[in-house]
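Notes for the one structure printed next.
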Amino acid sequence: MPPLPLQSDWAFVVENLDLLIAGTGVTVALTVASILLGFLLGFPAGAIEVYGRGPLKRAVETAGVVLRGTPLLVIIILLFFGLSVSSSAFVTATIALGLRSAAYQSQIFRGALQSVDEGQLEAARAVGMGRFQAIRSVVVPQALRRSVPGFQNEFTIVLKDTSIAIVIGLGELLTVGQNLYQGGQSTAALEIFLTVSLIYFVLTFVTNRSLDRLDDRFSIPGGERA
Amino acid sequence: MSDPLLALDDVYKSYGEEQVLSGVSFEMDAGDVDVVIGPSGSGKSTMLRCVNRLTEIDSGDIYLDGDCVTDADTDVNELRKQVGMVFQDFNLFAHLTALGNVTLGLRKVRGMDKATARERGYEHLEQVGLSDQADSYPAELSGGQKQRVGIARALAMDPKLLLFDEPTSALDPELVGEVVEVMRDLAAEGITMLVVSHEMGFARSAASDIIFLDEGRIVEHGPPEQLFENPQAARTGEFLSRLETTHEGE
Amino acid sequence: MGTPESTTTERTIRTRAAELTDQPLTLLTVAVFWTWLVVRWTNDFLLDGALIERGTSFFPTAPFEAAASALGSLAASLGPVGFPVGWVAGFFEFLAASIPYLPELAIGVWATILLTVLGIALGFVIAVPLSVARVYGGTITRSLALGYTELFRGTPLLAQLFVLYFATPLTTVIRELPTVGTGFIPAQAFWVAVIAFTLNSAAYQSEYIRSALNSVPEGQLTAARAIGLSKVDGIRHVVLPQGLRYAIPGWSNELVYLIKYSSLASFITVRELFERTDAIASETYRYTELFVLAGLFYLALVISASLLMEYVEEQVAIPGLGTTGR
């Protein structure tokens, strides 16, 4: 006698848990790589928007508006099929997510830099620091601490949006789920996608809680909380 | 003999460990103006908020026009239609004009149509001397004007009793006068008012009775002449003389 | 989460977009874009192709092709200094190549707008009670509302689409409904997408509204209760009119997000802007041109939305309330 369908569908998910875990690994790696790339590009971009001038500033601002006004899906497809920046789906997805995240991170940092009181810069200059040095050693450390909440938000957004890399066939979590459903057991759709959603939920939850801790740890006693 | 308009009978209220009201009892008749004075933290505002049940009492009874309003089955919204309140920090509805503030209750609580409510609203703004500011938003009014709108808003509901919770203490000194003047006019019109205030000028000239509250108890209750000229309790005298020195210092 | 700081960030992001939208060239582009869209839709949907046959572009390609090749040869003849002319030639080539696809994309834009507007509007209807429950509810309603928002904000929209489309009988149920998929009424996948966007957007919108409600001073509700309004009426007539105004910046942000994320509906076969672009691209292999074009369309929609929300914000502004006078 065949087992009840419900049991077998959950059993199917459990059997393929190793694949889902591998997909989760790709999702996490893609998130971390994209956030890092976004930080490397987004932080200077934010600084240029605050302290820069001329064509460089305008170029950075325009690039930001374009990247923030275009769906990630379009950016990924354009980079992969249009411009073919890399034959690796992982690299392409990292660049797409990283560029898009840079555009948002630049705004987080810009806001944070602007929120640091002007008197701080003046005081630093008054003790004899150069403008660049004053920005680097007085304004930036304060601004970085203040950008943690915005950064937290951005982290979870990137984490969730890695799922869009399914469009170029990258083997991240949702793609694994989709493959299990289409190439494996189509009756198990609910079980598969609920499991996938649960994993995403745990990831965002854990990320949020850890970044809360980070925020507490780096907050300055008596300092204005961002 | 008719019932008193408002009666508090052995009212107790505490917040956790802190006893705020410890057996408060008093009565006032229609047309009376009672002024409550006392040190900060003595329970004045709490007592006021118990009357329209913004704060719930622990034990005791409160009667309005002979009806016990602290029963569990009392409709608080019905009660609040009959008891107007003027707040220390005005609490004007920030998204409504002066007229809108006055008419909201008329329309949504009394169910008046828009035109009638407007007409009534104008009358009440006129009463506080602000009909020319009917279309101004709270942010565009001075503190004194805000409080006068606050009074008009409470008056519009045609309440049996008006509660004033330190109506002038958030105002710059030069704006106190216009609000006190409006309150004096209302007192002269025979509106029943229970006022928490340290405006001694108002208390002397308009109050029927002064209630001195300290540590949640009524220490002394009597006509202004008695309290000001011949206080029965030592604490009353001390408090009043301190009040006078601080006010002279302003 | 909904800290004042994050609200500021949202607002500044939007202000930046607004600075760009203030430029006359941008305004002109947006105006041309919408004029074209409206004429196109009128012709295709209402006039049954009376102005021009459906699917045929308003613009001839020949002049653009001619210009492109003329400029191309000019650039070649100029040699190494001809590269700026070469770029202009490339631009004309791009235009010439795009023109045949414009009618198809305009239809896709219609679906994209419909998805976005329905998603945000229906989401709003759920978001308001949800946020009121979060702020004023008892322990149970509060935790239910919190659970809802955390679930939908903690998982990808795409996964939510997949659950609804592949794993629930929703598609079958909707397909059986009368008029679905006939005439003007889109097929079932569209409605599944609308449901997903509604549920998802409700969670995000409720977060914005919740933090806006929290910024309405407590005394406002107290004063409302003091004139005899019930708690529900006080929230409805006093707290919400103020809180919703505070929520406009966050809400605009959500609108922009939804325009972009509506592209995910293509995964469940909804024929919106991205899906149509993709379909043409996989036939013609003109990925770059087509997706640059689609990107520009999305950008135009996003900028239009920012402009619209700025206008709305101005219209409902009250002195001393919300973003204007705080």
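Values quoted throughout were computed directly from the atomic coordinates according to the rules given, and no laboratory measurement underlies them. Remember, predicted model here, so these are calculated numbers, not experimental data. Please note: Cβ atoms are built from the backbone with ideal geometry, for glycine as well, and neighbour counts cover all protein chains shown.
Ordered by the number of other Cβ atoms lying within 10 Å of each residue's own Cβ, fewest first, B:Asp10, A:Asp161, A:Asp9 fall into the sequence B:Asp10, A:Asp9, A:Asp161. Can you give the angle from 0 to 90° between the axis of helix B:114-127 and the longest principal axis of chain B, with both taken from C-alpha atoms, to the nearest 10? Tilt relative to chain B: about 50 degrees.
Once both labels are positioned 7 Å from their Cα atoms along Cα-to-Cβ, the gap between A:Ser219 and C:Trp87 label points is 4.9 nm. The three principal axes of the C-alpha atoms in segment A:5-218 carry coordinate ranges of 75, 41, 22 Å, sorted with the longest axis first. Note on A:Ala29/C:Ser282: beta-carbon distance plugged into 1/(1 + (r/R0)^6) with R0 of 25 Å gives a FRET efficiency of 0.30. Out of every Cα-Cα pair in chain C, what percent are more than 24 Å apart? Beyond 24 Å sits 64 percent of the P(r) for chain C. The C-alpha atoms of chain B occupy a region whose extents along the principal axes are 54, 48, 40 Å, arranged from largest to smallest.
About the centre of its Cα atoms, segment A:5-218 shows a dipole size close to 980 debye [charges on the beta carbon of Lys, Arg (+1) and Asp, Glu (-1) only; nearest 20 debye]. Computed on the Cα atoms alone, the convex hull of segment C:207-326 gives a volume of 123 cubic angstrom per residue. The calculated FRET efficiency for the pair A:Arg58 and C:Val117, based on their C-beta separation and a Förster distance of 41 Å, comes to about 0.80. Here each label is just a point 7 Å from Cα along the line to Cβ, and for C:Ala66 and B:Ala115 those points are 6.8 nm apart. Over all pairs of different C-alpha atoms, the protein assembly as shown has a mean inverse distance whose reciprocal, the Kirkwood radius, equals 31.2 Å. Greater than 32 Å separation of Cα atoms is the criterion. Which listed pairs, B:Lys108/B:Lys146; B:Lys114/C:Lys260; B:Lys13/B:Lys114; B:Lys44/B:Lys160, meet it? The answer is B:Lys114/C:Lys260; B:Lys13/B:Lys114.
A simple spin-label model places the labels of C:Val38 and A:Asp117 5.2 nm from each other, with each point 7 Å out along Cα-to-Cβ.
The Rg/Rh ratio for segment B:39-126 is 1.04, where Rg is the radius of gyration of the alpha carbons and Rh is the Kirkwood radius. If only the Cβ of Lys and Arg carry +1 and only the Cβ of Asp and Glu carry -1, the dipole of chain B around its Cα centre is close to 820 debye. The ranking of B:Val76, C:Val232, B:Val176, A:Val158 by Cβ neighbour count inside 10 Å, starting from the fewest, reads C:Val232, B:Val76, B:Val176, A:Val158. Note on the protein assembly as shown: with charges restricted to the Cβ of Lys and Arg (+1) and Asp and Glu (-1), its dipole about the Cα centre is near 3660 debye.
Of the complete DSSP H runs in chain C, those spanning 27 angstrom or more by Cα along the long axis with a mean Kyte-Doolittle score not below 1.0 are C:102-136, C:287-316. Would you work out which of B:Thr168, B:Val195, B:Met157 lies farthest towards the positive end of the dipole of segment B:136-213, given +1 charges on the beta-carbon of Lys and Arg and -1 on that of Asp and Glu, about the Cα centre? Of the options given, the answer is B:Met157.
Applying 1/(1 + (r/R0)^6) with R0 = 30 Å to the Cβ-Cβ distance of B:Asp172 and C:Asn214 gives a FRET efficiency near 0.55. Per the Cα gyration tensor, segment B:1-44 maps to an equivalent ellipsoid with semi-axes of 25, 14, 6 Å, ordered largest to smallest.
Placing unit charges on each Cβ (+1 for Lys and Arg, -1 for Asp and Glu) gives chain C a dipole about its Cα centre, and among C:Pro84, C:Gly250, C:Ile140 the Cα reaching farthest toward its positive end belongs to C:Ile140. Across chain B, the mean sequence separation of Cα contacts (distance under 8 Å, 6 or more residues apart), normalised by length, yields a relative contact order of 26 percent. Scaled against 2.2 N^0.38 Å for its residue count N, the alpha carbon radius of gyration of segment C:245-295 is 1.46.
Considering only B:Gly23, B:His124, B:Phe239, the residue lying farthest towards the positive end of the dipole of segment B:6-249 is B:His124, judged by Cα position with unit charges set on Cβ. Remark: C:Tyr298, C:Tyr148, A:Tyr181 ranked as C:Tyr148, A:Tyr181, C:Tyr298, counting other beta-carbon atoms within 10 Å and listing the fewest first.
Computed from phi, the 3J(HN,Hα) profile of segment B:9-14 under the Karplus parametrisation 6.51, -1.76, 1.60 (θ = phi - 60°) reads 10, 6, 7, 10, 8, 9 Hz, with x in place of Gly and Pro.
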